[in-house]
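Engineer: Sending over a structure as structure tokens; questions will come in a sec.
The values are calculated or read from the model by the stated rules, or taken from the named source; none is laboratory data. The model shown is predicted, which means the values in this text are computed figures rather than measured ones. Here the Cβ positions follow ideal geometry from the backbone for every residue, glycine too, while neighbour counts run over all protein chains shown.
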Amino acid sequence: MSRIKIETENRIKEVADIKEVVEDFVKLRRRGANWIGLCPFHHEKTPSFNVSPSKGIFKCFGCGEAGDAVSFVMKHENLSYPEALRYLARKYGIEIEEEEWDDEARARQQRLDSLYLVNDFAREFFEHNLHETDEGRSIGLSYFRQRGFREEIIRKYQLGYAPRQRDALVQAARAKGYNPELLEALGLMRNGRDFFVDRVMFPIHNMSGKVIAFAGRILRKDAKAPKYINSPETEIYHKSRILYGIHQARGAIRREGHVILVEGYTDVLSLAQEGIRQVVASSGTSLTDGQVHLLKRLTEDVWVIYDGDAAGVQAAIRGLGLLLEYDLNVRVVVLPEGEDPDSFVQKEGGERFMEYVRAESKDLVLFHLSQVQDRLRDPIEKTKAVREVVETIARIPQSSKLKRDQYLRECARLMDVGLEALIYELNRLDRARLRKEARKQGVDPAPQAGPEVVKRPTRSGPTPAAETHETQERDLVRVLLTFADKPMDPESGDTVADFIFANFEPVLLDLMDDAVARQIIEEMLSRYEAGQPLDTRYFLQQHPDEQVRRFAADLLFAEDDYSPGWDRHHMPLVTQPPPEENHVADAEKALLNFKLRKVIRLLAQKTRELAEAEKRGEEKQVQTLLQQVAALQKAKIELARALGVVVV
């Protein structure tokens with residue numbers, strides 16, 4: 001077995017831009033020197049996923065996931081380390097060079113790789129049958145053409161056909177040497193026969209373009225058979241976390257600034273064929289947290305298209321409330337009666353379709369309000385209608401106070417209701433929701449005092465005496481991880497690592513409180529003395545201890561690099577260089593703070609030992625300790641003077 005050459009691996013890591021890589025999957029916006037968005041690794045409504053281009057890392061302060069461009073691709077796409085490197089090599093046009101390596105690989109990753117390979121084989125099989133067999137052309141291809149789909153869109157979405165022969169795929173897979181157990185695990189085979197038979201096929205891709213599942217539509221009339229059948233949930237397919245067409249649409253969604261959400265596969269195809277490519281489908285199911293989270297990573301604006309004759313629009317509105325919970329801007333469009341997106345765009349064309357959508361789209365809350373207008377004449381019905389609309393507004397996060405306030409004022413005007421009454425009802429719903437959430441978490445829902453606010457110490461803020469030992473220990477590790485190979489003295493050629501380790505006495509390790517910080521310092525010192533590179537990537541990605549990897553990412557993604565207002569208006573810092581350009585002062589201060597805290601601790605320890613030795617009358621020990629205490633006192637004064645602080 002072969003592996004990617006280390007030279008190629010290093011080139012990929014050097015070229016890969018963390019922001020560019022992440023932006024393929026997550027919508028980012030600037031915050032200071034970094035970029036922020038919704039974490040793709042856990043569900044959240046308030047962004048806590050940070051990307052630092054200058055440091056080449058990401059960090060989620062919600063779930064703790066962190067790493068560089070390679071580890072992001074590994075986690076997001078469920079890829080092995082070599083596969084993630086290949087992904088980035090393709091993205092940046094880097095030729096892969098390989099060399100022989102051992103056969104060790106994780107069994108689970110091998111299985112996942114195999115599942116993707118089998119799905120891709122099935123996709124090729126269905127495509128081949130559609131285009132290259134008489135049965136496929138006469139049944140499947142003719143169906144797509146009758147629906148108005150051109151060759152370009154059929155190829156782009158990799159549509160296919162499952163033949164009538166009940167074991168055609170199984171036989172083809174066996175002939176190619178694929179394991180039947182994998183076919184069954186993917187839902188492609190059941191009881192030794194094909195699961196999809198005599199159906200046109202719609203491959204379902206994840207965001208990076210891998211085929212993770214299939215949907216098959218029956219073409220003959222059969223009252224007993226469902227119109228559509230889908231792959232079951234598998235190790236690589238979770239229906240609640242995917243939207244049909246997301247891979248093909250993601251670039252257009254970012255360019256257009258909004259996404260169009262429809263119900264069916266053919267709706268997506270027809271709109272995309274007419275140049276409306278920012279479209280995805282929920283596949284006829286109610287929206288889930290996973291799907292909404294997927295949308296919010298790409299855009300803040302969602303346009304939902306309803307069929308003109310769709311039943312239960314009111315129920316659908318309640319379902320769309322989930323979009324509001326993620327603080328998305330939601331617009332609703334109801335097509336003319338008897339039309340769906342597929343039929344309407346094929347009849348009117350893409351330009352006319354978008355004209356209609358822009359003209360007829362309504363904000364979700366105001367659309368809801370328009371749906372209850374005929375109930376406002378009756379006092380009882382009006383009360384119910386008002387509560388329903390306020391329930392919709394209540395799903396908007398409380399943090400979006402301005403948005404909530406605007407909706408309340410508009411509803412008060414249009415429904416002829418006092419604003420105070422609406423505010424009272426909204427507050428009642430908020431309290432009820434908070435109580436419900438508290439009970440779910442097993443917390444007493446009774447009102448209590450507000451949470452204690454703990455201010456994180458910054459490097460320019462509190463003096464060392466006001467900080468903990470762990471603060472200085474972690475700060476020293478941060479400096480080493482960030483600036484180890486940066487020049488400390490241009491004349492001598494010394495680096496930051498040279499400076500720190502030349503002034504780092506072994507006794508200081510014994511005085512460290514933070515076990516992980518101590519482990520990293522020890523390992524870095526060992527690597528330094530052995531002449532090995534102090535590569536940040538090793539501690540971020542390759543270190544065998546996950547606790548060390550997370551610890552390193554936490555430090556490298558320090559939240560206090562900038563005060564929030566420093567570059568809010570993209571203005572340069574005028575009082576000092578930005579942190580990444582201030583490594584000399586940063587290294588000096590980190591080492592001095594660290595040593596001062598340890599000297600103070602050691603001084604207290606030796607002072608206690610001196611008092612005990614005096615009590616016991618051990619004159620020789622007293623003299624030794626007096627010399628040590630005097631030396632430590634002198635060191636404390638010198639360190640404090642160098643830092644410009646006063647230590648009592």
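Engineer: Of these, Leu298, Leu294, which one is within 21 Å of Val22 (Cα to Cα), in a loop (DSSP other than H, G, I, E, B) and either in contact with a Leu (Cβ under 9 Å, 6 or more places away or on another chain) or in contact (Cβ under 8 Å) with a residue 60 or more places away in the chain (or both)?
Structural biologist: Leu298
Engineer: While we're looking at this one, here's another question. Does Lys27 count as at pLDDT 80 or above, in contact with a Pro (Cβ under 7 Å, 6 or more places away or on another chain) and either among the aliphatic types (A, V, I, L, M) or not in a strand (DSSP E or B) (or both)?
Structural biologist: It is false that Lys27 is at pLDDT 80 or above, in contact with a Pro (Cβ under 7 Å, 6 or more places away or on another chain) and either among the aliphatic types (A, V, I, L, M) or not in a strand (DSSP E or B) (or both).
Engineer: Need the failing condition index for Thr8 against (1) under 22 Å from Phe551 (Cα atoms); (2) part of a helix (DSSP H, G or I), just the number.
Structural biologist: Exception for Thr8: condition (1).
Engineer: Here's a follow-up. Quick check: anything in the stretch 273-282 outside any loop (DSSP other than H, G, I, E, B), closer than 27 Å to Val118 by Cβ and not basic (Lys, Arg)?
Structural biologist: Yes, the stretch 273-282 contains a residue that is outside any loop (DSSP other than H, G, I, E, B), closer than 27 Å to Val118 by Cβ and not basic (Lys, Arg).
Engineer: Sticking with this structure for a sec: Do the conditions hold for Leu509, that is, is it surrounded by fewer than 17 Cβ atoms within 10 Å (Cβ to Cβ), of a type outside the set (Phe, Trp, Tyr) and not in a loop (DSSP other than H, G, I, E, B)?
Structural biologist: Taking the combined requirement at face value, the residue satisfies it.
Engineer: In this structure, is Leu141 crowded, with 18+ Cβ neighbours inside 10 Å and either of a type in the set (Val, Ile, Thr) or without any contact (Cβ under 8 Å) to a residue 40 or more places away in the chain (or both)?
Structural biologist: For Leu141, the condition - crowded, with 18+ Cβ neighbours inside 10 Å and either of a type in the set (Val, Ile, Thr) or without any contact (Cβ under 8 Å) to a residue 40 or more places away in the chain (or both) - is met.
Engineer: Ok, one more. Report whether or not Leu364 is surrounded by 13 or more Cβ atoms within 10 Å (Cβ to Cβ) and at pLDDT 90 or above.
Structural biologist: Here the answer is yes, as Leu364 does meet what is asked.
Engineer: Ok, one more. Within the stretch 25-50, track down each residue that is free of Cβ contacts under 8 Å to residues at least 60 places away in the same chain and small (Gly, Ala, Ser).
Structural biologist: Within the stretch 25-50, just Ser48 meets the criteria.
One line per residue, one yes/no per condition, for (1) loosely packed, with under 12 Cβ neighbours inside 10 Å; (2) at pLDDT 80 or above; (3) more than 17 Å from Phe504 (Cβ to Cβ); (4) outside the structural domain of Glu65 (by TED's automatic domain parsing):
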site: Asp560; (1), (2), (3), (4): no, no, yes, yes
site: Glu588; (1), (2), (3), (4): no, yes, no, yes
site: Leu592; (1), (2), (3), (4): no, yes, no, yes
site: Gln621; (1), (2), (3), (4): no, yes, yes, yes
site: Gln627; (1), (2), (3), (4): yes, no, yes, yes
site: Ala635; (1), (2), (3), (4): no, yes, no, yes
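Engineer: What number goes with the only condition from (1) modelled with pLDDT under 90; (2) in contact with a helix residue (DSSP H, G or I) (Cβ under 8 Å, 6 or more places away or on another chain) that Gly418 does not pass?
Structural biologist: Answer for Gly418: the failing condition is (1).
Engineer: Exactly one of (1) in contact with a Phe, Trp or Tyr (Cβ under 8 Å, 6 or more places away or on another chain); (2) in contact (Cβ under 8 Å) with a residue 12 or more places away in the chain; (3) more than 29 Å from Gln398 (Cα to Cα) is unmet by Met74. Its number?
Structural biologist: In the conditions (1) in contact with a Phe, Trp or Tyr (Cβ under 8 Å, 6 or more places away or on another chain); (2) in contact (Cβ under 8 Å) with a residue 12 or more places away in the chain; (3) more than 29 Å from Gln398 (Cα to Cα), Met74 misses (2) alone.
Engineer: Shifting gears a bit: Test Val15 against the criterion of being of a type in the set (A, V, I, L, M), closer than 23 Å to Lys91 by Cα, modelled with pLDDT under 90 and in contact with a Phe, Trp or Tyr (Cβ under 6 Å, 6 or more places away or on another chain), and give yes or no.
Structural biologist: Yes.
Engineer: Turning to a different aspect of this structure: How many residues does the stretch 364-379 hold that are within 25 Å of Asp301 (Cβ to Cβ) and not in a helix (DSSP H, G or I)?
Structural biologist: Residues meeting the conditions: 1.
Engineer: Let me ask something else about it. Is it fair to say Leu219 is under 29 Å from Tyr87 (Cβ atoms) and either among the hydrophobic types (A, V, I, L, M, F, W, C) or surrounded by fewer than 22 Cβ atoms within 10 Å (Cβ to Cβ) (or both)?
Structural biologist: no
Engineer: Please count how many residues of the stretch 501-523 are farther than 25 Å from Pro544 by Cα and of a type in the set (Asp, Glu).
Structural biologist: Summing the residues that are farther than 25 Å from Pro544 by Cα and of a type in the set (Asp, Glu) in the stretch 501-523 gives 1.
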